[in-house]
Every structure is written in structure tokens, then in C-alpha cells.
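Peer 1: Quick one: structure below, then a few questions.
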Amino acid sequence: MTHGKGRGHGPSLRELLRVPAGGRVRLGTYDPSATPAGPPDKAAGRAAAAELAEPLAGLQERLYAAATAGDRRRLLLVLQGMDTSGKGGTVKHAAAPFNPAGCRIRAFKAPTPEEREHPFLWRVEKALPRPGEIGIFDRSHYEDVLVARVHALVPRDTLERRYGEINAFERSLAEDGVTLVKVFLHIGFEEQRERLLRRLDRPDKRWKFDPGDIEERALWPAYQEAYERVLERCSTDAAPWYLVPADHKWYRDWAVGRLLLEHLEEMDPRYPPATFDVGACRARLIAG
């Protein structure tokens, strides 16, 4: 992956942002304000992101249509990142081009009492996209190896087993036709401070602020280490992680949209052929 400030459109953003399987990850070596292969500035970035809407919408329609003929394929966008990294904003921009009828969005909060009674993947399985759909997760099953690690919510041996369970789960999804696009939104420590301050300064943003965010911010080093372990242990050939620098919101939105487009283009869903006599039906309508 490129660590610096790239310019120009490369042939594949996936190649630039992908976290290599089995590689060692040190988040301190990645610049959260970088714009690898991105547009040159904010205005160009917003324009480029807007240009993705039409091809994304067309590919979603083809994916949905293909499912009516038995195609089991679907796509799942998984978003993870520190508080204020922009998961909610990314969901809004990523989902905008899609027909809501074929887009399933789920924001994962702290587990409910019912969810705690089941294995940690239970609630995720219930929220998966169906064939032909595009799913978007705001947080995900990775909370069970992130928050659980930082706050020592489970024994360490349980935590270690979960990495393997996640990899096996995601491999089974891939084998069943799910294309996973796992994105870590990487913001800087100072950028997070500025975003939290803006929430306090703006009355229309204060509802997003929780005094507990300050305590969580104090755990920044522990969270960075937890994310490093996730990226090292769970970026696989079947379900790689993509690290998106997220200090610039315009770049974040463009990059995630571009990643979705590249994956959908590779899937190349097709409209199913008619299962009836088109000419005969047309003749009947004209005659009637």
C-alpha cells in the first residue's frame, strides 16, 4: 500500500489500499491525511465521487436482477474505525446511489441482552444481505475483537479464538457468493480531537457527543494496537482489509465509492435472459 500522498488515477485502488494477507501492520507508518491515487483537491474529489453514482446504480440494478434468476451473489461493505472516523457519513455517501429496496444497512451497537446469550457472530448472520442485495455494516463482528480486547471483556484465549472464527466465517461467506469489502477508516489523533471539538461547538452536532468519548480517546494507543492485530490477523485472500486514510472526508467518500465500483465491476452481474417469448408478448400487446 502507498503510504504517501499519491495523485492521479491508478488502475486499481484495491491494490493501493489493500492490507497484505499475513503482513505486519504499524498504523503509525500510514499517513491518515494521505490521498493515494485520489483527485487533486476537495472540489475535484467531490466531483469524482458524484461521477461514481450512475455506474454504481447500474451495477446494483444488474446484481438485483441477476438474483431473480438464481444468482446468489451479493456484496457486503464493512466499515470500522475510531470514533469520529466517519462511519456514519460514509454509510450515507456509499448508500446514496443505490435503490433502497436492494440495500440493507445495519449499525451495530453494544450487544443486547438477547444477543449476549448467543455466540458473537449470531447477530451478524441475521443482518447479512440476501442474494442480489448490497449490505453495509456500520461497525460489525470486529467489535468483538476490538472493544472486547481494549476493555478486556473476554479472556485472552477466547479473544484469540475469535480471530480464527471470524476468518472461517468470512471464508464461508465468500464461498457462498458474498463479496466482502472491509474498510478501516484511518484518522489521526489530532483530527479526532478537532472533530470532537466541532461536535461540542455546534448545537446541531452535540447529540453525537458523549462524555465517554473522552475516556475512550484516552485509550487511543490500545485501540491502535487492537486494530493492528485485526488487520494482521484478518486480512485474508478471501476477505482482505482496505486501509482508507480518512482525515479528508472528500477523499474517504471517493475512495470507498471507488472500491465498491471496482468490486462490482469485477463481479460483472448480468441481466437474466427472458424466460418467455418476447416477440409473442409484444405482438399480443400491440394487437390488444
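Peer 1: Name the pairs whose Cβ atoms lie under 9 Å apart, with the first residue in segment 269-288 and under 19 Å from Glu61 (Cβ atoms), the second in a loop (DSSP other than H, G, I, E, B) and among the acidic types (Asp, Glu), and 6 or more positions between them or separate chains?
Peer 2: Here the result reads Pro269/Asp71; Arg270/Asp71; Pro272/Asp71, each pair linking segment 269-288 to a residue that is in a loop (DSSP other than H, G, I, E, B) and among the acidic types (Asp, Glu).
Peer 1: Next up: Just to verify a result, which residue in segment 113-169, among those that are of a type in the set (Ser, Thr, Tyr) and part of a helix (DSSP H, G or I), is most open to solvent (accessible area, probe 1.4 Å)?
Peer 2: By that ranking, first place goes to Thr158.
Peer 1: Oh, and also: Search segment 46-57 for residues that are in contact (Cβ under 8 Å) with a residue 40 or more places away in the chain and pair each with any residue that is of a type in the set (D, E, K, R) and not in a loop (DSSP other than H, G, I, E, B) when their beta-carbon atoms are under 9 Å apart and the residues are at least 6 apart or on different chains.
Peer 2: Listed by first residue and then by second, the contacts come to Arg46/Asp253; Ala48/Arg258; Ala49/Asp253; Ala49/Arg258; Leu52/Arg258; Pro55/Glu265.
Peer 1: Follow-up question, since we're still on this one. State the number of residues belonging to segment 205-257 that are buried (at least 22 other Cβ atoms within 10 Å of the Cβ) and basic (Lys, Arg).
Peer 2: Residues meeting the conditions: 1.
Peer 1: Ok, one more. Starting from residues that are part of a helix (DSSP H, G or I) and of a type in the set (Lys, Arg), keep the ones in segment 86-112 and report whichever is least open to solvent (accessible area, probe 1.4 Å).
Peer 2: By that ranking, first place goes to Lys87.
Peer 1: Let me ask something additional. For the condition over 22 Å from Leu173 (Cβ atoms) and surrounded by 14 or more Cβ atoms within 10 Å (Cβ to Cβ), what is the one hit in Leu76, Leu59, Leu17, Leu27?
Peer 2: Sole residue among the options that is over 22 Å from Leu173 (Cβ atoms) and surrounded by 14 or more Cβ atoms within 10 Å (Cβ to Cβ): Leu27.
Peer 1: Is at least one residue of segment 201-211 under 13 Å from Val78 (Cβ atoms) and not acidic (Asp, Glu)?
Peer 2: no
Peer 1: If you don't mind, there's one more thing I want to ask. Just one of Ile187, Ile166 is under 30 Å from Pro129 (Cβ atoms), touching a residue at least 12 places away in the same chain (Cβ under 8 Å) and in contact with an Asp or Glu (Cβ under 6 Å, 6 or more places away or on another chain); which is it?
Peer 2: So the residue among Ile187, Ile166 that is under 30 Å from Pro129 (Cβ atoms), touching a residue at least 12 places away in the same chain (Cβ under 8 Å) and in contact with an Asp or Glu (Cβ under 6 Å, 6 or more places away or on another chain) is Ile187.
Peer 1: Can you name the condition, by its number, that Val181 falls short on among (1) among the β-branched types (Val, Ile, Thr); (2) touching a residue at least 40 places away in the same chain (Cβ under 8 Å); (3) open to solvent by 10 Å² or more (accessible area, probe 1.4 Å)?
Peer 2: (3)
The values are calculated or read from the model by the stated rules, or taken from the named source; none is laboratory data. Remember, it's a predicted structure, so these values are computed and weren't measured experimentally. Backbone-built Cβ (ideal geometry, glycine too); neighbour counts: all protein chains shown. The protein model used for the area step is the full one, side chains on, heavy atoms only, and it has no ligands, DNA or RNA in it. Shrake-Rupley method; radii C 1.70, N 1.55, O 1.52, S 1.80 Å.
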